[in-house]
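Read through the structure below, which is laid out as structure tokens, and then see the notes.
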Amino acid sequence: MRLIFRIYILFWCGLFICSRIQPGDMLFTIVIAVASVVVTAALWIKTMRPIDRLTLVANFCFKLGLNRVIMRRPKQVTEVELTNGVKALLPSAMMAHGLEEVLKFRMRPDDIVVATYAKAGTTWMQEIVWLICNDADTKAAKAATLGKRYGFLETVDVTDFGQGLQTLEKWPKHQTRFIKTHLPFELLPNELQTSPKGKMIVVVRNPKDNCVSFYHFHRMVKGLPEPGTWSEFLTKFCAGRMPFGSWFDHVSKYWQIYQERKRSMYFVSYEKLKRDLKGEVRRLSKFLEKNLTEDQIDAIAQHCTFGSMSKNSSTNYTDVAKTGAFEFKASKFMRKGEVGDWKNHFTINQSKAFDEMFEERTKDWTLKFEFEPA
Ligand code: PPS
């Protein structure tokens, strides 16, 4: 309201000044007009939230073809402390503004959240869940990218990439919101941390394959820090110096919350999806309270194989690659989609050291992982 009032005042001031000057004073008129526009724009921008300002700048850069301005690789992950006292490791310090808004984000009772440590099978689960909730409408799924069907909670809206927090805030009231997040549980909206809201599906992946996939993702994504050599990356992964932190902390916290919220949460591993995709689609549709026919379950399982999703432009991120943000020459988004690819990366010594560290750090866990293909 205050903004509209200011614009209104500025408009009348401008009009008044213009009515006082002579026709010969053209230059003066132009200067006043430009100044009014600049001041109004500055006032408007000042009233915005930092994340909305970020969106504005990012979209502006894209429109002008200045993609490189917002796609510079940060040197390393940035550690920030949020107002709730939680420390977070972020790809960039700028993201901290967004996370403050995420904490305040209002949940809705019919929200569906797909939460994962990055590279655990998010995209796969997103497609499965969306299809279950949309009567296995594979045609509709192919017509819009996942970026347009989901909101990515910790990101801002940038037209060329997809929908972030702002789209989720504006999502039509009568429609289910599909939300994707890689945030650790402690950074989720306060409302969701305090009690269950809507439904949440968590996917986890064995850490060796997860690390390999994340390594290639870092090679591909221009907005993430340089991964360095495989060995350097593995060291950082084990130390938890990753965007959004340690795999161990992330997975163990979600597993702990799952023990308390089994009615509103579904917990599954990448390896289990791989082993029994159709069975998982069936179980997930029960969890999501959707009655699907066997034909629909079949159709979803067919549509969601690695072969099918890697050819599908709505799920394989070719749209983002076209913006230059993903460099497919370095690695594809749909890279291998296998269990056990870690064997092509870990040396015998690295594997032994990792296993020892894994044993030690997970000795109290009831959650078990599969490292070998079925
Ligand atoms: S992201 O960027 O965090 O959202 O990535 P995410 O989707 O979590 O993980 C990408 C990895 O999942 C693999 N993937 C699949 N595997 C099997 N079947 C299907 N349908 C499928 N879809 C995606 C994808 O290939 C990445 O794993 P890697 O090991 O790198 O191939």
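The values are calculated or read from the model by the stated rules, or taken from the named source; none is laboratory data. Worth saying up front: this structure is predicted, and the values here are computed from it rather than measured. So basically every Cβ, Gly included, is an ideal-geometry build from the backbone, and we count neighbours across all protein chains shown.
Please list, ordered by first then second residue, the pairs with beta carbon atoms under 8 Å, 6 or more apart or interchain, first in the range 82-95 and within 14 Å of residue 242 (Cβ to Cβ), second of a type in the set (Lys, Arg).
89/241
I need a count of the residues in the range 122-159 that are over 21 Å from residue 200 (Cβ atoms) and either surrounded by fewer than 17 Cβ atoms within 10 Å (Cβ to Cβ) or of a type in the set (Ser, Thr, Tyr) (or both).
Total meeting the criteria: 11.
Out of all the residues in the range 147-197, which are within 10 Å of the chain's Cα centre (by Cα) and among the aromatic types (Phe, Trp, Tyr)?
150, 152
Considering each residue of the range 68-81, count those that are more than 16 Å from residue 242 (Cβ to Cβ) and within 19 Å of the chain's Cα centre (by Cα), and give that number.
Of the residues in that region, 3 qualify.
Checking residue 193 against (1) touching a residue at least 12 places away in the same chain (Cβ under 8 Å); (2) out of contact with any helix residue (DSSP H, G or I) (no Cβ under 6 Å at 6 or more places or on another chain); (3) away from the ligand (no atom under 13 Å from the Cβ), which test does it fail?
Failed condition: (1).
Within the range 342-354, which residues are closer than 9 Å to residue 208 by Cβ and either in a helix (DSSP H, G or I) or among the polar types (S, T, N, Q) (or both)?
Residues of the range 342-354 that are closer than 9 Å to residue 208 by Cβ, as a first pass: 342-343, 345-346, 351, 354.
Hits for the range 342-354 are 342, 343, 351, 354.
Filter the helices (runs of 4 or more DSSP H) completely within the range 53-168 down to those with at least 1 residues that are assigned by TED's automatic domain parsing to the domain that holds residue 211 and within 27 Å of residue 338 (Cα to Cα). First the steps, then the outcome.
On the way: elements: 67-70, 95-104, 122-133, 138-143, 146-149.
Where helices (runs of 4 or more DSSP H) fall fully within the range 53-168 and carry at least 1 residues being assigned by TED's automatic domain parsing to the domain that holds residue 211 and within 27 Å of residue 338 (Cα to Cα), they are 122-133, 138-143, 146-149.
Under 6 Å between Cβ atoms, which residue pairs at least 6 apart in sequence (or on different chains) link something in the range 217-241 that is surrounded by 16 or more Cβ atoms within 10 Å (Cβ to Cβ) with a partner that is in a helix (DSSP H, G or I) and charged (D, E, K, R)?
Within 6 Å, the pairs are 227/219.
Does any residue in the range 315-337 that is more than 17 Å from residue 149 (Cβ to Cβ) come within less than 9 Å, Cβ to Cβ, of a residue that is of a type in the set (Ser, Thr, Tyr) and more than 10 Å from the ligand (Cβ to nearest atom) six or more places away or on a different chain, and which pairs are these?
So the pair list comes out as 326/318; 328/318.
If I go through the range 199-225 residue by residue, how many of them are closer than 20 Å to residue 246 by Cβ, out of contact with any strand residue (DSSP E or B) (no Cβ under 8 Å at 6 or more places or on another chain) and away from the ligand (no atom under 11 Å from the Cβ)?
2
Only one of these is assigned to a helix (DSSP H, G or I), within 16 Å of the ligand (Cβ to nearest atom) and either at pLDDT below 95 or exposed (fewer than 14 other Cβ atoms within 10 Å of the Cβ) (or both): 320, 281. Name it.
Every option except 320 fails the conditions.
Which numbered condition trips up residue 248, out of (1) closer than 22 Å to residue 130 by Cα; (2) surrounded by 16 or more Cβ atoms within 10 Å (Cβ to Cβ)?
Of (1) closer than 22 Å to residue 130 by Cα; (2) surrounded by 16 or more Cβ atoms within 10 Å (Cβ to Cβ), only one is false for residue 248: (1).
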